[in-house]
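This report refers to the structure that appears directly beneath it.
The values are calculated or read from the model by the stated rules, or taken from the named source; none is laboratory data. Because the structure is predicted, anything quoted here is derived from the model rather than measured. So basically every Cβ, Gly included, is an ideal-geometry build from the backbone, and we count neighbours across all protein chains shown. Side chains are part of the model used for accessible areas, which takes the heavy atoms of the whole protein and leaves out ligands, DNA and RNA. Shrake-Rupley method; radii C 1.70, N 1.55, O 1.52, S 1.80 Å.
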Amino acid sequence: MGGSGNGYFRSDPDKIKKKLRDSEANTENQEHKVRVASILSDLLANFNDRDHETIDRHLSEIKTALEKDIDGTMDLLFGGSVAKHTYVDGLSDIDSLVILNKTDLADATPNEVKKYFVERLKERFPKTDIHSGKLAVTLNFSGCEIQLLPAVKSGENLKIADRNGQDWARIKPKAFSEKLSAINQNVGRKVVPIIKLAKAIISNLPEKHQISGYHAESIAVKVFKTYSGDLKQKEMIKHYFSEASKLVKGHIRDNTGQSVHVDDYLGSANSLERKIVSDAFGRVHRRMKNADSSGSAAEWQKLFD
């Protein structure tokens, strides 16, 4: 019978070494993914653990103060990030629509209502910073800011102060929340957590590189409207900043009817302000990619510190 030399095939040492290196790299990559996932999960747990009781107490005291000298009652309807469950300290609003139906203020002008709000609230909270803007009255409590928007019923919708603060303008406060909710549902309820993570990163940027909370949410709606990619938080937040760096250069329409665009404060399309924010968001995306390339969970953590 013929033989076959040593009776076995000799393996190529270089191939064995490559397999070992690939196996080690894969293990390190998986460990990196687990570490980053843990960081993001812990951050979200902290965001969700805000002080509900304190905010509820503030709102209850506000309602009592505003009803003090009028006939009838007022209803407080949450808007802003609280209603959309996207609240994050540092880049979120606690908006409450103060519905004036069946009160002495129902026929007053927006400025008259806000003046009444400020007077009553300063009586109740003399040590709190309270100021009136074109649309709302803002109270700066320790740990949170609450904006009160006077509103009156108008059929199925509501009316709040117009952009000049002189008259009433019709809005659809549920329109954006419903759209965000639908997209969040379609993407495995992953979009709202990504908005919270994005807001936390944006709040750590220099002020000229930041955008409003509502703007950040509106970008997320556009980014994830037709998303079919990886549903892991690390990949979704990378995708958010990659796309946001492009979207921030142009206008995004306001679905609530409160204004034409959600981002008029950044000026015209491709303005210098928009380019500055776009570059900042692009750098955030590159930092994430570099952190993944080097397997550094610590670099991911720095984005939130």
How many residues are part of a helix (DSSP H, G or I) and open to solvent by less than 80 Å² (accessible area, probe 1.4 Å) when one looks only at segment 104-118?
-> 7
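Each row is one residue, and each column tells you yes or no for (1) touching a strand residue (DSSP E or B) at 6+ places or on another chain (Cβ under 9 Å); (2) assigned to a loop (DSSP other than H, G, I, E, B); (3) surrounded by fewer than 22 Cβ atoms within 10 Å (Cβ to Cβ).
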{"residue": "A169", "(1), (2), (3)": "yes, no, yes"}
{"residue": "E178", "(1), (2), (3)": "no, no, yes"}
{"residue": "N184", "(1), (2), (3)": "no, no, no"}
{"residue": "A198", "(1), (2), (3)": "no, no, no"}
{"residue": "A216", "(1), (2), (3)": "no, no, no"}
{"residue": "I219", "(1), (2), (3)": "no, no, no"}
{"residue": "T226", "(1), (2), (3)": "no, yes, yes"}
{"residue": "E235", "(1), (2), (3)": "no, no, yes"}
Do we find a residue being more than 20 Å from K196 (Cα to Cα), open to solvent by 30 Å² or more (accessible area, probe 1.4 Å), outside any helix (DSSP H, G or I) and of a type in the set (S, T, Y) anywhere in segment 286-298?
-> yes
Identify, by number, the condition in (1) more than 19 Å from Y214 (Cβ to Cβ); (2) modelled with pLDDT of 95 or more; (3) open to solvent by 70 Å² or more (accessible area, probe 1.4 Å) that K249 doesn't meet.
-> (1)
If you check V187, V221, V191, which single one turns out to be modelled with pLDDT of 90 or more and in contact with a Lys or Arg (Cβ under 8 Å, 6 or more places away or on another chain)?
-> V221
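So that you can scan it fast, the table gives a plain yes or no per residue for (1) over 12 Å from I252 (Cβ atoms); (2) without any contact (Cβ under 8 Å) to a residue 40 or more places away in the chain; (3) not small (G, A, S):
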{"position": "S177", "(1), (2), (3)": "yes, no, no"}
{"position": "V187", "(1), (2), (3)": "yes, no, yes"}
{"position": "L197", "(1), (2), (3)": "yes, no, yes"}
{"position": "G213", "(1), (2), (3)": "yes, no, no"}
{"position": "K222", "(1), (2), (3)": "no, yes, yes"}
Selection from segment 261-285 of residues that are open to solvent by 30 Å² or more (accessible area, probe 1.4 Å) and under 23 Å from K238 (Cα atoms) | N270, E273, K275, I276, D279, R283, H285
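Of the residues L149, L135, L205, which single one is open to solvent by less than 20 Å² (accessible area, probe 1.4 Å) and more than 13 Å from the chain's Cα centre (by Cα)?
Working: L135 fails: open to solvent by less than 20 Å² (accessible area, probe 1.4 Å); L205 fails: open to solvent by less than 20 Å² (accessible area, probe 1.4 Å).
The unique qualifying residue is L149.
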Would you call E207 modelled with pLDDT of 95 or more and among the acidic types (D, E)?
-> no
